[in-house]
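Quick notes on the structure that follows.
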There are 2 protein chains.
Amino acid sequence: MAENLVNFGILGCAKIAIKLARAINLAPNSILYAIASRSLEKAKQFATQNGLPETIKIYGSYEELLDDPSIEVVYLPLPTSLHVQWAVLAAQKKKHVLLEKPAALDVGDLDKILEACVSNGVQFLDGSMWLHHPRTMKMKELLFDSNLVGQVDFIHSSSTAKVPPEFFENNIRVKQDMDALGVLGDLGWYCVGAVLWAKNYRLPNVVSALPAGVTKNSAGIVLSCTACLNYDQDHKTVAIIHCSFFSYTSMDLSITGTQGSLHLKDFVIPYQEGSAFFDLASPATFMDDQTGWNVKTEKVVVDNETPQEALMVQELARLAQGIKKCGFPPDNRWPEISRKTQIVVDAVKKSIDLDCKPVYL
Amino acid sequence: MAENLVNFGILGCAKIAIKLARAINLAPNSILYAIASRSLEKAKQFATQNGLPETIKIYGSYEELLDDPSIEVVYLPLPTSLHVQWAVLAAQKKKHVLLEKPAALDVGDLDKILEACVSNGVQFLDGSMWLHHPRTMKMKELLFDSNLVGQVDFIHSSSTAKVPPEFFENNIRVKQDMDALGVLGDLGWYCVGAVLWAKNYRLPNVVSALPAGVTKNSAGIVLSCTACLNYDQDHKTVAIIHCSFFSYTSMDLSITGTQGSLHLKDFVIPYQEGSAFFDLASPATFMDDQTGWNVKTEKVVVDNETPQEALMVQELARLAQGIKKCGFPPDNRWPEISRKTQIVVDAVKKSIDLDCKPVYL
């Protein structure tokens, strides 16, 4: 237990926990201190299989880990239906909460978690890693500070990932009692998050799922979804989100504005660690004779020494240290981002449930 | 008048005619033979200002040009409301017809033109230049022949071009008696065409404009539009089209399928003449630890010695020569492509007129 490192515990041995275990140890201000599974055997196996150091504490129940006073932050890669129970308990045990997305099944559940965090003075952060990549910061700078894109007219955001056939009925992500939001929670969370991010976290006025775009499994869980998010304030913006378990991996974000446009095809997980890019066209227009463009899109490259998931961990550890050492209050921005994302995800779900009628926010 | 070159006449001196005059002379099998405007003065001015050779015949009326027996093909860059009148007359005068898009105000009008072409044995081609670029052929080859993209799940196609404020009330493209389809005819034609192209010219089952995406001027002309085209046969495909006079230049085409995806950001007019590219990701998936992708998108470069508009002219001149010299019948494929595009454009317009209710095809 190093003095200046924030101790993380991982609650549950989902596949994504491997990535986070690595991230916690890559982040310069945090260390993986303990893991827990519902069985000691499973937790031990996870530690061995993934080469975790022998110094890591291993717990055979979630409660035991939460009772360890050395643990300051808990990462919860649990099925969404378990989020309220364990995130609330973690907060009550004064642990900062890193909650895998979707944050909750609906905003009512999320509010229970956020209230527990507020009343216990702990930081909340959801697992939207891409928000912590320096590329995301650079894009925001260009979007808002330098007016290269101008007022945003149109956003297209998609996230798809092909799954094996057995996934559609058996995976926790498509089970009513586990992840009732289906693809909307797993991938749509990113698309909605990207639209909100591009609109500087203003909520859309109206959200409508598109009848053609909705596919469900036999349990009624959404497997693919296309929806329209509409902004009417100040400047009209139309955003289309698309998420699906049927297509191969894609994660497009295109933002078109009055001055130019911004494109990337790997917004959730960059093609490779260490360096990512996006394309910017501004001010894009045709040459006079319309035989070509006056500008080619510029490839803006952003290098990052630390992977985005480690930067996410680093941010949370930094906030945890600030709270502990300097008496800072928890940072409201992160839970607000999660809450707005949840509100819009809920609205898409509600529109689907209402046969794609528009839902007004 | 060279023996082996097909003689083109241009009916009208719109700005786009400059590009086509150049294209006709760049194509190896055609030559610009005459131009006509409604006034001789205007036609002469056009010829002088654009450095056309003095050998080119100049007519002060459209009828005179159509009566010139040496002219084999007529290019019509006229307001859409004039297409029926002049394209039908051109066909009756046994001229092959190169008609600027949108082909007509609706499919009823287009059928009058196509029937005139059929009954007079002349070739019809609309001005969708991008269909003639070798990049388009290469993409089709990859889409259909090699199954790199697989079954198409989702298509996003957009075309936007910012216009000056005065355009919105005065330009012919937003006038009820000139181009009543507004942005839908001018830019939406490309988006619809791209979806049909990607679906191998199957018509969608349902077309719905999205309420949030529709903006009109005071005369009711559509200035921006987002619509959903839905395919239910065999493999479900959702296509989103977006066209707008508000955003700066963008022309995105993204096709996502069960095996991979294909992206380009300049599908209507490539960034530059001579070489164009698109991005292909196949089979795209995450690395096991989800820290990156197993493949980066591949940049597929396609060089072209001849600009796409000249390739379009070349194709039409080739067909004209086949009809003249070998007695071939006109090629049905091109008018069929135009007709299907018009049917879908009409459906989007109808959905807009019906307050965005779905239109079934």
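Looking at region B:62-81, is at least one residue within 14 Å of another protein chain (Cβ to nearest Cβ), over 27 Å from B:Glu305 (Cβ atoms) and either in contact (Cβ under 8 Å) with a residue 12 or more places away in the chain or of a type outside the set (A, V, I, L, M, F, W, C) (or both)?
Looking for residues that are within 14 Å of another protein chain (Cβ to nearest Cβ), over 27 Å from B:Glu305 (Cβ atoms) and either in contact (Cβ under 8 Å) with a residue 12 or more places away in the chain or of a type outside the set (A, V, I, L, M, F, W, C) (or both), one finds none in region B:62-81, hence no.
Residue check: is A:Asp355 closer than 30 Å to A:Lys94 by Cβ and not in a helix (DSSP H, G or I)?
For A:Asp355, the condition - closer than 30 Å to A:Lys94 by Cβ and not in a helix (DSSP H, G or I) - is not met.
Residues that are in contact with a helix residue (DSSP H, G or I) (Cβ under 7 Å, 6 or more places away or on another chain) and closer than 24 Å to A:Arg38 by Cβ: find the helices (runs of 4 or more DSSP H) completely inside region A:74-141 holding 1 or more of those.
By residue number, A:83-92, A:107-119.
Give the residues of region B:265-277 that are surrounded by 21 or more Cβ atoms within 10 Å (Cβ to Cβ), in a loop (DSSP other than H, G, I, E, B) and more than 8 Å from chain A (Cβ to nearest Cβ), sorted by residue number.
B:Phe267, B:Val268
Here are A:Ala90, A:Ala103, A:Ala47, A:Ala14: which of them is in contact with a Ser or Thr (Cβ under 9 Å, 6 or more places away or on another chain) and of a type in the set (A, V, I, L, M, F, W, C)?
Criteria check complete, one pass: A:Ala103.
Restricted to region A:1-18, and to residues that are within 22 Å of the chain's Cα centre (by Cα), part of a loop (DSSP other than H, G, I, E, B) and modelled with pLDDT under 90, which residue is surrounded by the most Cβ atoms within 10 Å (Cβ to Cβ)?
Going through the qualifying residues, I end up with A:Cys13.
Looking at A:Lys340, is it basic (Lys, Arg), over 17 Å from the mean Cα position of the chain (by Cα) and assigned to a helix (DSSP H, G or I)?
no
So, in region B:174-189, how many residues would count as being surrounded by fewer than 17 Cβ atoms within 10 Å (Cβ to Cβ) and modelled with pLDDT of 90 or more?
So the count comes out to 0.
Kindly indicate the residue of region B:145-172 that is among the acidic types (Asp, Glu) and free of Cβ contacts under 8 Å to residues at least 12 places away in the same chain and also farthest from the other protein chains (Cβ to nearest Cβ) among those meeting that condition.
B:Asp145
May I ask you to verify whether A:Asp186 is within 14 Å of chain B (Cβ to nearest Cβ), within 19 Å of A:Ile240 (Cα to Cα) and over 18 Å from the mean Cα position of the chain (by Cα)?
Here the answer is no, as A:Asp186 does not meet what is asked.
Exactly one of these conditions fails for A:Asp355: (1) surrounded by 22 or more Cβ atoms within 10 Å (Cβ to Cβ); (2) out of contact with any strand residue (DSSP E or B) (no Cβ under 6 Å at 6 or more places or on another chain); (3) within 14 Å of chain B (Cβ to nearest Cβ). Give me its number.
Result: A:Asp355 passes all but (1).
Return yes when B:Leu148 is farther than 30 Å from B:Ser244 by Cα, touching a Ser or Thr at 6+ places or on another chain (Cβ under 8 Å) and surrounded by 18 or more Cβ atoms within 10 Å (Cβ to Cβ) and no when it is not.
yes
Of the residues that sit in region B:202-214 and are within 7 Å of another protein chain (Cβ to nearest Cβ) and modelled with pLDDT of 90 or more, which one is farthest from B:Leu354 (Cα to Cα)?
Ranking the qualifying residues of region B:202-214, first place goes to B:Val206.
Could you look through region B:226-250, keep only residues that are surrounded by 24 or more Cβ atoms within 10 Å (Cβ to Cβ) and free of Cβ contacts under 8 Å to residues at least 40 places away in the same chain, and pick out the one that is nearest to A:Asn230 (Cα to Cα)?
This residue is B:Thr226.
State yes or no: is A:Val359 more than 21 Å from A:Met251 (Cα to Cα) and hydrophobic (A, V, I, L, M, F, W, C)?
yes
Per-residue answers, yes or no, for (1) under 17 Å from the mean Cα position of the chain (by Cα); (2) assigned by TED's automatic domain parsing to the domain that holds B:Val348; (3) at pLDDT 85 or above:
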position: B:Phe144; (1), (2), (3): no, yes, yes
position: B:Leu148; (1), (2), (3): no, yes, yes
position: B:Ser157; (1), (2), (3): yes, yes, yes
position: B:Ala161; (1), (2), (3): yes, yes, yes
position: B:Ile172; (1), (2), (3): no, yes, no
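Can you pull out the residues in region B:302-316 that are outside any strand (DSSP E or B) and either among the polar types (S, T, N, Q) or surrounded by 13 or more Cβ atoms within 10 Å (Cβ to Cβ) (or both)?
Hits for region B:302-316 are B:Asn304, B:Thr306, B:Pro307, B:Gln308, B:Glu309, B:Ala310, B:Leu311, B:Met312, B:Val313, B:Gln314, B:Glu315, B:Leu316.
Rundown of residues vs (1) closer than 22 Å to B:Val118 by Cα; (2) in the same structural domain as B:Tyr75 (by TED's automatic domain parsing); (3) surrounded by 23 or more Cβ atoms within 10 Å (Cβ to Cβ), yes/no style:
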{"residue": "B:Asp252", "(1), (2), (3)": "no, no, yes"}
{"residue": "B:His263", "(1), (2), (3)": "no, no, no"}
{"residue": "B:Val300", "(1), (2), (3)": "no, no, no"}
{"residue": "B:Arg318", "(1), (2), (3)": "yes, yes, no"}
{"residue": "B:Gly327", "(1), (2), (3)": "yes, yes, no"}
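Tally the residues that are out of contact with any Pro (no Cβ under 8 Å at 6 or more places or on another chain) and at pLDDT 90 or above, restricting the search to region A:286-302.
Qualifying residue count for the region: 3.
Which condition number does B:Ser224 fail, the rest of (1) at the interface with chain A (Cβ under 7 Å from one of its Cβ atoms); (2) in contact with a Ser or Thr (Cβ under 7 Å, 6 or more places away or on another chain) being met?
(1)
Out of all the residues in region B:232-246, is one or more part of a loop (DSSP other than H, G, I, E, B), within 7 Å of chain A (Cβ to nearest Cβ) and touching a strand residue (DSSP E or B) at 6+ places or on another chain (Cβ under 6 Å)?
Yes, that holds for at least one residue.
All but one of (1) under 25 Å from A:Asp111 (Cα atoms); (2) at pLDDT below 95; (3) outside any helix (DSSP H, G or I) hold for A:Ile71; state the number of the condition that does not hold.
(2)
Being closer than 23 Å to A:Thr237 by Cβ and within 7 Å of chain A (Cβ to nearest Cβ) is the filter here; which residues of region B:248-264 pass it?
Matches in region B:248-264: B:Tyr248, B:Thr249, B:Ser250, B:Asp252, B:Ser254, B:Thr256, B:His263.
What single numbered condition from (1) assigned to a helix (DSSP H, G or I); (2) buried (at least 20 other Cβ atoms within 10 Å of the Cβ) fails to hold for A:Asp153?
Here A:Asp153 clears every test but (1).
(1) over 30 Å from A:His96 (Cα atoms); (2) under 16 Å from the mean Cα position of the chain (by Cα): which one isn't true of A:Asp279, the others all being true?
Failed condition: (2).
Only one of (1) farther than 30 Å from B:Ile31 by Cβ; (2) in contact with a helix residue (DSSP H, G or I) (Cβ under 9 Å, 6 or more places away or on another chain); (3) facing chain A (nearest Cβ under 10 Å); (4) part of a loop (DSSP other than H, G, I, E, B) fails for B:Ser218. Which number is that?
(3)
Report yes if A:Leu319 is among the aliphatic types (A, V, I, L, M) and in contact with a His (Cβ under 8 Å, 6 or more places away or on another chain), otherwise no.
Against the criterion (among the aliphatic types (A, V, I, L, M) and in contact with a His (Cβ under 8 Å, 6 or more places away or on another chain)), A:Leu319 qualifies.
Could we say that A:Asp126 is more than 14 Å from chain B (Cβ to nearest Cβ) and closer than 30 Å to A:His235 by Cα here?
Here the answer is yes, as A:Asp126 does meet what is asked.
The values are calculated or read from the model by the stated rules, or taken from the named source; none is laboratory data. Keep in mind the model is a prediction, meaning the values are calculated, not measured. We place every Cβ from the backbone using ideal geometry, glycine too, and count neighbours over all the protein chains shown.
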